[in-house]
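Reading through the structure tokens given below for one structure.
The values are calculated or read from the model by the stated rules, or taken from the named source; none is laboratory data. The shown structure was predicted, so the numbers you read here are calculated from the model rather than taken from an experiment. All Cβ positions, even for glycine, are placed from backbone atoms using ideal geometry, and neighbour counts span all protein chains on display. Only protein heavy atoms, including side chains, enter the accessible area calculation; ligands, DNA and RNA are left aside. Shrake-Rupley method; radii C 1.70, N 1.55, O 1.52, S 1.80 Å.
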Amino acid sequence: MRALCKTEEKPGACYCENIPVPEIKENEVLVKVHATAICGTDMHIYDWTAYAQERLKLPMVFGHEFAGEIVSLGSQVSGYAIGDRVAGETHIPCNHCIQCRTGNQHICENMKIIGVQAPGAFAEYIPVHKDCLWKLDDSMDYETGALLEPMGVGVHGVLSGEIGGKTAVILGCGPIGLCAVGAAKASGASLVIATDVIDRKLEEAKKLGADYAVNTGKQDLKALVMELTGGCGVDVVVDYTGNGRAIQGGFEALKKGGRFTFVGLANGPLSLDINNAVIYKEAKVNGVTGRLMYQTWYDCEALIKSGRFDVKKIIGGVFDLKDYEEAFAALKGGAPGKMLLIP
Ligand SMILES: [Zn+2]
Ligand SMILES: [Zn+2]
């Protein structure tokens, strides 16, 4: 089969045409991949950063955001049939640790990740554990299906506290931040202010319904927020940047007693004036990773089916798998939106 494989411990990837189709275990299905999307994690793998070096054993087919159809079933898989259209949860839970047994499979103690420790989706076929399958609604095409996983990260952040009727700032307008903007609007936020430092990304945020799009490199976020909220600040700030300056600015825009949710990964330890940012403000601070299994998936489906959130607006480009270099180059050049690869 054709696949994008990481074969060498250096930047780049290998487009191979003769990789054996993966064998499935008894608790897995084989999925023919119809659409797959590039994630920030894939950029780390492509660039062979410290994150990738610590986690990957080569050779490895990478990629984990995908949708396709089931073409064969392991002997212990029930509830699915050949021909079923599915997307995949990236996190493979162990199902026996304390987190898995208390409704928190998404933060399993023994988590494996598709495309990092298990064969990935930048390929014609991928083996998928039965616990990681999500049946696609008939109304959803494969491109939409491949976007559900990253969309879920944005949705999980926004819906990890109250949002309906609330004012919100979304920090960062990468694909996940864009999904957060769409989710906040579709969930009834009364005011959504999106921020970034790249104007092209802010244009996309407006298309997803942001009431204001602020370039924090040029504009004063706090001044605008105070003007719009009668000097109080916003109810909710969700961070998708992991950037210290953006986060400090977000806390300054937050109302007393408001919620600050961290989603974007930082490159290392950050410093924060917690007296003023959190304590005196009685801010409610939480962290969010991945997607709830499977509450967030139901939330994503409901948001799309409501017609109020067109997730395909986050697509920045669609490329044949063999043209992967173009897709990665576009992302590195700061192109907005998600890049899809079609195997
Ligand atoms: Zn991802
Ligand atoms: Zn577990």
- Would you pull out the residues with amide H under 5 Å of Ala121's amide H, same chain only if 5 or more places away, H placed 1.01 Å from N? Gly63, His64
- Item | Inter-label distance, nm, simple model (7 Å from Cα along the C-beta direction), Asn110/Gln53 | 3.0
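What does the accessible area per residue of region 153-287 come to in Å², with a 1.4 Å probe and no ligands, DNA or RNA counted?
Numbers: 5910 Å² over 135 residues.
In whole numbers, region 153-287 has 44 Å² accessible per residue.
Quick one: work out the % antiparallel among DSSP beta bridges in the chain, nearest 5.
Working: 29 of 57 bridges.
Percent antiparallel among DSSP bridges in the chain is about 50.
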- Note on the structure: Given the candidates Thr90, Leu202, Gly152, the one whose Cα lies deepest towards the positive end of the charge dipole of the chain, counting +1 at each Lys or Arg C-beta and -1 at each Asp or Glu C-beta, is Leu202
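With a 1.4 Å probe and all protein chains left in place, how much of the accessible area of the chain comes from carbon and sulfur atoms, in whole percent? Before the final figure, lay out each step's value.
Details: 7270 of 14860 Å².
In the chain, the share of accessible area belonging to carbon and sulfur is 49 percent.
With the Cα gyration tensor of region 153-287 giving a ≥ b ≥ c as the square roots of its eigenvalues, does the rule (a/c under 1.5 for rounded; else a/b larger than b/c for prolate; else oblate) give rounded, prolate or oblate? Provide the component values of the computation, followed by the final result.
Details: a/c = 1.28, a/b = 1.18, b/c = 1.08.
Taking the square roots of the gyration eigenvalues as a ≥ b ≥ c, region 153-287 is rounded.
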- Sort the following peptides by mean Cβ neighbour count (other Cβ atoms within 10 Å, averaged over residues), highest first: 94-100, 26-32. 26-32, 94-100
- Give the calculated FRET efficiency between Asn286 and Val21 to the nearest 0.05, with a Förster radius of 35 Å applied to their Cβ-Cβ distance. 0.25
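Excluding Cys100 itself, what net charge comes from residues whose Cβ is under 14 Å from its Cβ, given Lys and Arg +1 and Asp and Glu -1? Intermediate values should be presented prior to the final figure.
Values: positive: Arg101, Lys112; negative: Glu89, Glu109, Asp131.
Here the count lands on -1.
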- Projecting the Cα atoms of Ile315, Asn275, Leu58 onto the charge dipole of the chain, where Lys and Arg contribute +1 and Asp and Glu -1 at Cβ, the residue farthest towards the positive end is Asn275
- Task: In whole angstrom, note down how far apart the Cα centers of region 168-198 and region 265-343 are.
- Result: 10
- Set Lys and Arg Cβ to +1 and Asp and Glu Cβ to -1, take the dipole of the chain about its Cα centre, and tell me which of Ala118, Trp48, Ile170 lies farthest positive. Ile170
- Treating only Lys and Arg (+1) and Asp and Glu (-1) as charged, each at its beta carbon, one finds that the chain has a dipole about its Cα centre, in Debye to the nearest 20, of 720
- Rounded to the nearest Å, the spacing of the alpha-carbon centers of region 1-76 and region 86-137 is 14
- Message: Is the C-alpha gyration tensor of the chain telling us rounded, prolate or oblate? Criteria: a/c under 1.5 is rounded; beyond that, a/b larger than b/c is prolate, otherwise oblate.
- Response: prolate
- Note on the structure: Per GNM of the chain with C-alpha springs under 10 angstrom, the most fluctuating residue out of Val155, Val214, Val181 is Val214
- Going by average Cβ neighbours within 10 Å, how do the peptides 161-173, 53-65 rank, with the highest at the top? 161-173, 53-65
